[in-house]
Amino acid sequence: MNTLDKAKVLGDAGKYDVCGGEICKPPEFTGGLQNLPGIIKAKTQNGHFCSLLKTLYTNSCKFDCKYCANRAGSSGPGCQKKITQYNPPELANLFMTLVHKRIVTGLFLSSGVAGDPDKTTQGMLDTVKIIRQRYNFKGYIHFKVLPGTNYDLIKQASELASRMSINVEAPSKARLSELSSVKEMNTDIIRRQSWISRMKLRSGQTTQMIVGANDETDLEVMKMAKWEYERMSLRRVYYSAFSPVKNTPLENNKAEAQSRANRLYNTDWLLRIYKYNFKLVKEILVDGMLPDKDPKILIAEKTITEPVNINEAIYEELIKVPGIGPISAQNIMQVRLEKKLDTKNLVQCGVIMKRASPFIKVSGEQQKTLAVF
């Protein structure tokens, strides 16, 4: 199989890892390097988009994760899956060709575990070394850590990568055991996260959880995310809505709605960026699940008992109002040092008035009530 054929197979096989606000191109190869599967746009921390080559090093894997297209045994009778693997100079050359043609600006490198995780990781590491040292590439590289990889290889990768991640996949040890008989949460994954948390990475580490693959609740997922942020100093937890894959044990299971993952992202934002108390989130749950409504509005309806005076409220009060975020709250506090705010000023500060109006008071008057909406 030539490099281009490998790029089609391994780029498409890498689509299951989430890397943030990504917009994937269609998996069908229509000609031209810019249309290769695996070339995606991902949202950066400052809100801009960058183009990445997101690919597996190999799609061979010894793990038996029930949801995964690359699981052990998925290339058996009746399956048309092609098993392939890059070699380090080959992948490095492909990536740098895409960089020089200005098709991508960064690399997201993951892999199946072909036998020994250390052997596979060594191939990934050799690829990144070539890119950094031979080609002098200074841009973004996300390095996916494989469960069970030894400390020395992870340490070497941390010295070359911009960001690293290892997926917990499930919200608890018990839930993970329902999805895989060979992955052990504490030994294979959490221990490696702990190692990464002590290493110096420009963009830190992230993880991913699949939602809807078994009967986990949103409360379970959020508790795990909270623990990860507090104990492992994670930059982000990504939530992937389960989608059944043919020729896997869960192929007949129902797909999870993307809206559930979106609600988890909204709640994650409240806890991580807005610094909401976890109790506020727990109070809006119904049988451990987030209702199908914006969680910030639900919390506001429960906690804002009278309209917030926009000209007097402290930051912690402003941030609880739907339509007001950290930046717009800071803008409000800065502008009102010089003058009283009116509706026009609030819009200029970045407030989304359609969301904020039922919860605020401007110039002594309440805006629209919730009943209007």
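Throughout, read-outs are computed from the coordinates displayed, never taken from laboratory work. Here the structure is a predicted model, which means the values were calculated and not measured. Every residue, glycine among them, receives a Cβ derived from its backbone with ideal geometry; neighbour counts consider all protein chains shown.
Packing-wise, with mean Cβ within 10 Å as the measure, how do 156-162, 299-305 rank, highest first?
Highest-to-lowest ranking by the protection proxy: 156-162, 299-305.
Report the label-to-label distance for Q34 and R202 in nanometres (one decimal), using points 7 Å from each Cα along the Cα→Cβ vector.
About 2.5 nm separates the two model spin labels.
Need the full-extension length gain, K354 to N136, defined as separation in residues times 0.36 nm minus the C-alpha distance. One decimal, nm. Intermediate values should be presented prior to the final figure.
Numbers: separation 218, 0.36 × 218 = 78.48 nm, distance 4.93 nm.
Between K354 and N136, full extension yields an extra 73.5 nm.
If you average the alpha carbon positions of segment 155-206 and of segment 217-236, how far apart do those two centres end up, in angstrom?
Centre-to-centre (Cα) distance: 13 Å.
About the Cα centre, and with charges only on the beta carbon of Lys, Arg (+1) and Asp, Glu (-1), how big is the dipole of segment 306-372? Nearest 20 debye, please.
Around 240 debye, computed over segment 306-372.
Restrict the search to segment 192-277; then list the GluC sites (Glu not before Pro) that DSSP places in a loop and that have at most 16 other Cβ atoms within 10 Å of their Cβ. Could the numbers behind the result be given before it?
Details: sites: E216, E220, E228, E230, E251, E256; in loops: E216, E251, E256.
Here the sparse-neighbourhood loop sites are E251.
What nm distance separates the two modelled labels at E301 and L4, each placed 7 Å from Cα along Cα→Cβ?
Reported label-point gap for E301 and L4 is 5.6 nm.
Tell me the label-point distance for the pair I103, E338, using the 7 Å Cα-to-Cβ offset, in nm and rounded to one decimal.
5.0 nm
Subtract the Cα-Cα distance of S172 and T217 from 0.36 nm times their separation in residues, and report this length gain in nm to one decimal.
Full extension of this stretch gives 15.1 nm more.
To the nearest 0.05, what FRET efficiency results for D287 and W227 with a Förster distance of 25 Å applied to their C-beta separation? It would help to have the intermediate numbers written out before the result.
Values: r = 22 Å, r/R0 = 0.86.
So the FRET efficiency works out to roughly 0.70.
Need the list of lysines near K41 for cross-linking: C-alpha distance under 23 angstrom, and skip anything on the same chain fewer than eight residues off.
List returned: K6, K8, K15, K25, K54, K101, K138, K144.
Between P249, S180, N167, whose Cα lies farthest towards the positive end of the dipole of segment 3-282 when Lys and Arg beta carbons carry +1 and Asp and Glu beta carbons carry -1, centred on the Cα centre?
Among P249, S180, N167, the one farthest towards the positive end of the dipole of segment 3-282 is N167.
Within a 10 angstrom radius of the beta carbon, how do L346, L176 rank from fewest other beta carbons to most? Spell out each step's value before the answer.
Details: L346 24, L176 21.
Fewest to most other Cβ atoms nearby, the residues stand as L176, L346.
Looking at the chain as a GNM with Cα springs under 10 Å, which of A329, A255, A313 has the largest mean-square fluctuation?
The residue with the greatest mean-square fluctuation here is A313.
Arranged by the count of other C-beta atoms within 10 angstrom, fewest first, what order do H142, H48 take?
H48, H142
On a 0 to 90 degree scale, rounded to 10, what angle separates helix 3-13 from the longest Cα axis of the chain?
For helix 3-13, the angle is close to 40 degrees.
Between F49 and Q330, 0.36 nm times their residue separation minus their Cα-Cα distance comes to what?
98.6 nm
Taking the beta-carbon count within 10 Å as an exposure proxy, list M353, M209, M185 from fewest neighbours to most.
Ascending number of Cβ neighbours within 10 Å: M353, M185, M209.
For N277 and L160, what is the calculated FRET efficiency with R₀ set at 45 Å and r taken between the beta-carbons, to the nearest 0.05?
After rounding to 0.05, the efficiency reads 0.70.
So what's the back-of-envelope 222 nm ellipticity for the chain, counting only DSSP H runs of four-plus at -39500 (n - 2.57) apiece and dividing by all residues, rounded to 500?
Values: 14 runs with 127 residues, N = 373.
After summing the helix terms and dividing by residue count, I get -9500 deg cm²/dmol.
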